[in-house]
Each structure stands twice: as structure tokens, then as C-alpha cells.
Amino acid sequence: MDIVDSQIHLHITLNAEETLASMNSLGIQAAVIDEFWGFEETGRVNPGILLPEHQAFRATAPGAELASIRNPERFSYLLRIHHRDPQLAAGVKAVADAPHARAVRIVARMEEDVKELAAGAYAPVFDAAADSGLPVFTMVPRVAPLLRPYAQAHPDIPIIVDHVGMPEDDTEFEDVLRLADLPNVAIKWGHGPELFHAAEYPFEPAIDKLLRVLDAFGRERVMWASDYSAISGDHRWADELFSIRESTRLSLQDKEWILGRTVRTVLNWPSPAELYTPPKIRH
């Protein structure tokens, strides 16, 4: 099975070589990097450039870019774009022009950012992404319904709700499911055990919710992410993967889409097998 992890964080304490070794041991063919080292007290997000006069930051991804150049079949990456960056259009265009970058990501988790998301202030990011034909990953904990007008304004680009919108209760989860009527909205299935209070492997309460997501969105719009460097609790990267790969409640086709085919399709990232051209045999 072609397994692709749709979110990992390379950061200052974990390098590409260690990550590849873990991927090889788990049978993971490829991964999408969101490079993130953490926050500073100043509000700066590393790696990146603080823009204090705009109350913004400009993310960079030196480790992700290098890992993808060295291992293009194993790694690709996205870049976070801040909606208050005055040069955000140029940043999005740079992502589109980079050979191994495939998407952008927005984050709206602070109170002021959520207010601006509701007010339409993130429109320039989506406009620039649409101009470049880039998917937009969205980290919008508890407020995923605020993405509706952005998705409606740009029906031709994929918009991915990270970690099922991180709902805190069933009402918020149902609000996420209602976004399924928008054909360009997809779900990144990550942090399922934490979100849905499934403490023990194989995390059956989380699988219950995953089946609801599949019923609403279809397997072609659901992708798996371990987000393994941010996993909390006692389980491991392997547990996140095997709870889906070995589940008897999911069909083989469900697993193939969730664990790899969806993210490859959304990001237009063909597998090595798809790119392989058999040599011509002369008779």
C-alpha cells in the first residue's frame, strides 16, 4: 500500500535522516512536511521572520526544502502564510514556483485571528492560492464553519480542514460534517485518539468518528496525518498508522484513499509507480 503521511513537523530536534528511518520501519513511502520548531516569547514562529509592524510573521522552511531536494520521492512540503503579511502574494507565488512545495497553510487559533477569519481578512491568502492553483490547508480549531465563504468563493482549489477542525464536542463535530456539501473541502484526519477520547489502541471511539467522516465526505476527500511530533498520550506513530491500516471496519479501498491516494490526488503528487515508464522492448 502506498502510504503517505499528510503532516509531519521537521524541527530543530528531529532531522530528516531520523524521520526516514522511522518511515522505512513503518512502511510509510512519503510525507508532507510542515516545518515548525516552536514559538518564541516575542510571538515569532520558528523558522521564520517576525514582522512586528504588521503583527505578522513570514514562515520559512529550510529543513523541509533541503529534505525534499535530497529525497523528492519521500518528502514534499507546504508553507504557512500569514494573512497580515504585506508580501503574502509573493510568498504564495514562491511556493507555486518551488519544485517540491505543493500547498500553503493558514492558522487561526488565537482570538484575534478567529475574528479576522470571520470578517473575511484571510481572503487575500485564498485569492493568491487560487491564482497559483495551490491547495490551502487550514488550522482552524473549533471554527471550521468559518471556512464556508472562502470555499464558496474559490470552488476550484482544494481546502483541507486540518485535524477534523479540532472539535471539542459533538455539536462542533457535526458542524464540520456539514461542510461536506462543499465539493472542494477535504478533511485531514489527525489527532483522532485525542480528539475523540480514545485512550487505548486500536482507538475504536475514534474509528467511529472516522466512519462518520467517510459517510459525509467520501474516502476521496479524507487523508491521514500522524502529526507524530505533536502526539500526546502514550501511543506512538505506529499506533496512529496501524489503527487505520489494520482496522477490520474499513475496506481496502477506504484505507488506500485515506492513507495515501487522497493526499497524492489533492496535492498532485504522483507516486513513483505512477511516474514509472517501462522500457520499450525491441523484438
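Assorted remarks:
- Over all pairs of different C-alpha atoms, the range 73-223 has a mean inverse distance whose reciprocal, the Kirkwood radius, equals 15.9 Å.
- 5 angstrom amide H check on residue 160, placed H, neighbours 5+ away: 136, 137, 138, 186
- Largest GNM mean-square fluctuation among 247, 68, 76, using the chain with Cα springs under 10 Å: 247.
- With 5 Å bins from 0: P(r) over the range 100-141, alpha-carbon pairs, percent: 6, 23, 30, 22, 13, 5, 1
- Three semi-axes of the equivalent ellipsoid, the range 7-70, Cα gyration tensor, whole Å, largest first: 28, 11, 9
- Residue ranking by accessible heavy-atom surface, 1.4 Å probe, largest first, among 171, 19, 248 comes out as 248, 171, 19.
- 29 Å Cα cut-off, lysine pairs counted over the chain (separation 8 or more, or different chains): 7
- Modelled label reach - residue 178, point 7 Å along Cα→Cβ, the range 147-166 residues with backbone N closer than 18 Å: 147-153, 161, 164-166
- Ligands, DNA and RNA left out, the 1.4 Å accessible surface of the chain is 53% carbon and sulfur atoms.
- Cα pair count fraction exceeding 13 Å, expressed as % - the range 158-231: 63 percent
- In sequence order, the range 74-84 has phi-based couplings of 9, 10, 9, 8, 10, 10, 6, 10, 8, 5, 9 Hz under the Karplus curve 6.51 cos²θ - 1.76 cosθ + 1.60, θ = phi - 60°, and Gly or Pro positions carry x.
- Taking 1.306 mPa s as the viscosity and 10 °C as the temperature, the Stokes-Einstein diffusion coefficient of the range 115-179 based on its alpha-carbon Kirkwood radius rounds to 132 µm²/s.
- The chain: most fluctuating residue of 106, 157, 12 per GNM, C-alpha cutoff 10 Å: 12
- Stokes-Einstein diffusion coefficient of the range 1-135, Kirkwood radius over Cα pairs, 20 °C, 1.002 mPa s, in µm²/s: 137 µm²/s
- Averaged over its residues, the range 143-283 has an accessible area of 50 Å² per residue, based on protein heavy atoms and a 1.4 Å probe.
- Amide hydrogen neighbours beyond the local backbone of residue 5, cut-off 5 Å, H modeled: 30, 31, 32
- MRE, 222 nm, helices only [DSSP H, n ≥ 4, -39500 (n - 2.57), over the chain, to nearest 500]: -10000 deg cm²/dmol
- Radius of gyration and maximum dimension Dmax of the range 142-267, Cα, Å: 13.8, 41
- Choice from 23, 166, 110 with maximal GNM fluctuation in the chain (Cα, 10 Å cutoff): 110
- Under the Debye formula (equal points on every Cα, no solvent term), log10 I(q)/I(0) of the chain at q = 0.14 Å⁻¹: -1.01
- Here the simple spin-label model places points 7 Å from the Cα toward Cβ, and for residue 25 and residue 1 these points are separated by 2.0 nm.
- Approximating the spin labels as points 7 Å out from Cα along Cα→Cβ, the residue 275-to-residue 66 distance works out to 2.2 nm.
The values are calculated or read from the model by the stated rules, or taken from the named source; none is laboratory data. Values in this document were obtained by computation on a predicted structure and should not be read as measured data. Cβ coordinates were reconstructed from backbone atoms using ideal geometry, including for glycine residues, and neighbour counts include every protein chain displayed. Keep in mind that these areas ignore ligands, DNA and RNA; they rest on the heavy atoms of the full protein, side chains included. Shrake-Rupley method; radii C 1.70, N 1.55, O 1.52, S 1.80 Å.
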